[in-house]
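One structure is given here, and the rest of the page talks about it.
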Amino acid sequence: MRKLTYSILFGTILTASLGYAQKTADKIFINGKIITVDAQNSVAQAIAVEGGKILAVGTNNDIQKLKGKNTAIVDLGGKTVTPGFIDGHSHFMSFGRASMANLNPPPVGNVRKIADLVSELQAFKAQKGIKDGEWIRGFGYDVDQLAEKRHPNKEDFDAAFPNNPVVITHVSGHMSVANSAALKIAEVNADTPDPVGGVVERKDNSKEPTGLFQEKAQGLIRVNFGDSNKSSLEDRLAQLKEQQTYYASFGVTTAQDGSSGFESLELLREAAKRGELFIDIEALPSYGVIDKVLNNPDYQYGVLKNHFKINGFKFMSDGSPQGKTAFFGKAYLTKVPGCNDAECRGFPVVNQEQFNEAIIKGFANNLQTYVHCNGDAAIDMYIAAVENANKVLGTTSINRRPVVIHSQFVRPDQLDKYKELGLLPALFSNHAFFWGDVHETNLGYDRAKFLSPLKTAIRKNIIATNHTDFGVTPINQLFLLWTSVERKSRSGKVIGPEERLTPIEGLRAITINGAYEYFEENTKGSIEKGKLADLVVLSDDITTIEPSKIKDVQVLETIKEGKTIYKKN
């Protein structure tokens, strides 16, 4: 276990101020508990900032020697300060979901049964003034939290919405349900075949669609949404500003947009050009658009400029474990919608040849590969593709830092392969709370307890990040930290007590380890001399507060490069 080291006692950070005797700070923070997350997990009292970077870290007395006539002094009054939080994986550009009804169960929404889905959609239609014939969309329903314990079907919405096409999307984003009006517009019927990498669920003993579309089958209905929700450039830039402020309100100073479409990239590029980004955005173009970016003079991979960077690409390999589309080596223990096989293991959305081709393309172009893998069989495919690319290209993946997004049900032997090949797991401990009980039912306790094995990664000297996958779960980083420390499910059961982290270990997963994921560990992720002054001021000390209360800790202020970008009223 790492121990906190007080610089005031041991002088481990005090030397940071040496060599800066003739410099003065723009701003000085004093009287705080500064959790630096440096290699020793040192703790200091004060920070000096100059030109958006950290000038020095140490005691109040030493840091105040850097005060000049124009230096601003901020008295923290004993409050705790951490590095700015670095988002290991989310969907930053998902602010379009504001145009969808919130169909989440508590604590994110109010849906508890299928009738609630209907009432929420009806209220949304009235609130937005949606006319007959226009699309109604919702996001966030969770079959495992519905009283009926089943996916809704088209008939559940037909009576209430005979004249509106309705599509609602599962909280995982990996499946959607459409009503009859939507199926008619999409021209989906009993004769419509399942697309490669997707399943159209059918009624028993029939080919008639139930309305449930899994994985790539969602494209059959999504392409028909039309342009009814298009907004102006200025409106979208305003949404972008609002989204940045929202992330900053939870202490996030570096965000990821996983699987960016080209339209999102264009909006981010324009915002960066106009100087309208104030947190760093790491965009991962979806694999389908990288050819538009690779040889485009308007884009440059791997360079953070005006808070915008294109960082590799995202590739999809399987689906959702709670939605039972994640690809496993062993079967699910409960019935899987749309599967009539004796053993239902989920399915990959690509074959091995396509996987191999994508990873070779990434390595050959020196692009960092980010691959969504939830089930262990999908992870096997990624490992095979990385080994194949190393062989074909005659190179090594060790320094490429290929990322395994979610890595939710990685096996211990696969973690050994991660270490060998340099793979980085981007883990997702919120699953313990939101779906830990569900995973135990669907997979058995032995598999469920090893979800997002952050502690084992530490034991194996593997650098792992932690993330929320927003908008799948809330962007709240303190809630995420809590789930990594307590791993309690909705029912209060601890899912894999052996994988619980200390608060400091959990903090490292969302700060310095996140910086490492983006090849930015030399410029951010910890509070050290020369790094960006990305800071978060917290209401409580996460290292001493009762672990169960970590989720209730508030972000009081978020500072990006020395400037306050959010302050709690």
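Checking the cross-link pairs LYS335/LYS455; LYS305/LYS391; LYS53/LYS567 against a 29 Å limit on the alpha carbon distance flags LYS335/LYS455; LYS305/LYS391 as lying beyond it. Listed values for the range 175-182 are Karplus-derived 3J(HN,Hα) couplings in whole Hz (6.51 cos²θ - 1.76 cosθ + 1.60, θ = phi - 60°), namely 7, 9, 10, 10, 8, 5, 4, 5, and x replaces Gly and Pro.
Over the residues of the range 273-405, compute the C-alpha Rg and express it relative to 2.2 N^0.38 Å. If you can, show how the numbers build up before the last one.
Details: Rg = 17.3 Å, N = 133, 2.2 N^0.38 = 14.1 Å.
Rg over 2.2 N^0.38 Å, computed on Cα atoms: 1.22.
The Stokes-Einstein estimate for the range 331-425, based on a Kirkwood radius over Cα pairs and taken at 20 °C with 1.002 mPa s viscosity, is a diffusion coefficient of 153 µm²/s.
Subtract the Cα-Cα distance of ASP132 and GLU387 from 0.36 nm times their separation in residues, and report this length gain in nm to one decimal. Before the final figure, lay out the partial values.
Numbers: separation 255, 0.36 × 255 = 91.80 nm, distance 5.36 nm.
Full extension from ASP132 to GLU387 adds 86.4 nm.
Bridgeable aspartates and glutamates around LYS27 (alpha carbons under 12 Å apart, same-chain partners fewer than 8 residues away excluded): GLU50, ASP75, GLU561.
Here's how it looks for ASP257: its modeled amide H is under 5 Å from those of PHE92, GLU282, ALA283, LEU284, which are all 5 or more places away or on a different chain.
Would you please put 47-54, 291-298 in order of how densely packed they are, using the mean number of other Cβ atoms within 10 angstrom per residue and starting with the highest?
Working: 47-54: 21.8, 291-298: 11.5.
So the peptides 47-54, 291-298, ranked by packing, come out 47-54, 291-298.
Projecting the Cα positions of VAL166, ALA178, TYR516 onto the charge dipole of the chain (unit charges on Cβ atoms of Lys, Arg, Asp and Glu, taken about the Cα centre) puts TYR516 furthest along the positive direction. Cross-link partners of LYS330 among aspartates and glutamates, defined as those whose alpha carbon lies under 17 angstrom from its own and excluding same-chain residues fewer than eight positions apart: ASP318, ASP341, GLU343, ASP376, ASP380, ASP413, GLU440, ASP446. Rounded to whole numbers, the Karplus 3J(HN,Hα) couplings from phi for the range 308-316 are 10, 9, 8, 10, x, 8, 10, 10, 9 Hz, using 6.51 cos²θ - 1.76 cosθ + 1.60 with θ = phi - 60°, and x at Gly and Pro. Within the same chain, aspartates and glutamates fewer than 8 places from LYS113 are excluded, and of the rest, those with a Cα less than 18 Å from its Cα are ASP142, ASP144, GLU148, GLU155, ASP156, ASP158. Remark on the chain: CYS373 stand apart, with no other cysteine beta carbon under 4.7 Å. What do you get for the angle between helix 477-486 and the principal long axis of the chain? Use alpha-carbon atoms, 0 to 90 degrees, nearest ten. That works out to roughly 80 degrees. Stretching ASN295 away from ARG274 to a fully extended chain increases their span by 5.3 nm, per 0.36 nm per residue minus the current alpha-carbon distance.
About the Cα centre of the range 29-119, how large is the charge dipole given +1 on each Lys and Arg Cβ and -1 on each Asp and Glu Cβ? Please answer in debye to the nearest 20. Please report the intermediate quantities before stating the final value.
Working: 9 positive and 6 negative charges, 34 e Å.
Magnitude of the dipole: close to 160 debye.
Relative to its Kirkwood radius, the Cα radius of gyration of the range 412-523 gives an Rg/Rh of 0.96. Magnitude of the charge dipole for the chain, about its Cα centre and with charges confined to Cβ atoms of Lys, Arg (+1) and Asp, Glu (-1), is about 1360 debye.
What whole-number value in cubic angstrom gives the convex hull volume per residue for the C-alpha atoms of the range 43-143? The partial results should precede the final answer.
Numbers: hull volume 22.0 nm³, N = 101.
Hull volume normalised by residue count: 218 Å³.
Based on DSSP H segments of at least four residues, each scored -39500 (n - 2.57), the chain has a per-residue ellipticity at 222 nm of -8000 deg cm²/dmol.
Taking a quarter of the surface of the convex hull around the Cα atoms of the range 395-461, what do you get in nm²? Present the calculation step by step, with values, prior to reporting the outcome.
Numbers: hull surface 18.4 nm².
Spelled out: convex hull of the Cα atoms, projected over all directions, averaged, 4.6 nm².
Beta bridges assigned by DSSP with both partners in the chain are antiparallel in approximately 45 percent of cases.
Run the numbers on the chain and let me know its relative contact order in percent, using alpha-carbon pairs under 8 Å that are six or more apart. Mind dumping the intermediate values first?
Details: 1279 pairs, mean separation 88.3, N = 569.
Once divided by the residue count of the chain, the mean separation gives 16 percent.
Distances between placed amide hydrogens fall under 5 Å for TYR566 paired with THR558, all partners being 5 or more residues away or on another chain. Semi-axes of the equivalent ellipsoid for the range 132-278, computed as √(5λ) from the eigenvalues of its C-alpha gyration tensor and ordered from largest down, come to 34, 17, 15 Å.
Between LYS335 and ALA72, the FRET efficiency from the beta-carbon distance, with R0 = 56 Å, is close to 0.35. Projecting the Cα positions of ASN61, LEU76, GLY32 onto the charge dipole of the range 23-89 (unit charges on Cβ atoms of Lys, Arg, Asp and Glu, taken about the Cα centre) puts ASN61 furthest along the positive direction. In the chain, taking the dipole from charged Cβ atoms about the Cα centre, the farthest positive-side position among LEU556, VAL485, THR192 is held by LEU556. Helix 114-128 and the long axis of the chain differ in direction by around 70°, with both axes built from C-alpha atoms.
Axis of helix 430-443 versus longest Cα principal axis of the chain: the two differ by about 40°, to the nearest ten degrees.
With all pairs of different C-alpha atoms in the average, the Kirkwood value for the hydrodynamic radius of the chain is 24.6 Å.
Listed values for the range 537-542 are Karplus-derived 3J(HN,Hα) couplings in whole Hz (6.51 cos²θ - 1.76 cosθ + 1.60, θ = phi - 60°), namely 9, 10, 6, 9, 8, 5, and x replaces Gly and Pro. Close amide H pairs (under 5 Å, H built 1.01 Å from N) link LYS531 with ILE54, residues at least 5 positions away or on another chain. How far apart, in nm, are two points set 7 Å out from the Cα along the Cα-to-Cβ line at ALA159 and at THR245? Calculated label separation equals 4.3 nm. Remark: the LYS305-TYR445 segment gains 45.8 nm on full extension, using 0.36 nm per residue and subtracting the alpha carbon distance. At a probe radius of 1.4 angstrom, the accessible area of the range 237-360 per residue rounds to 41 square angstrom.
Accessible surface of the chain, 1.4 Å probe: 48 percent of it comes from carbon and sulfur atoms.
The values are calculated or read from the model by the stated rules, or taken from the named source; none is laboratory data. Keep in mind it's a predicted model, so treat the numbers as computed, not measured. For neighbour counting, all protein chains shown are included, and Cβ atoms are generated from backbone atoms with ideal geometry for every residue, glycine included. For accessibility, only protein heavy atoms count, side chains too; no ligands or nucleic acids. Shrake-Rupley method; radii C 1.70, N 1.55, O 1.52, S 1.80 Å.
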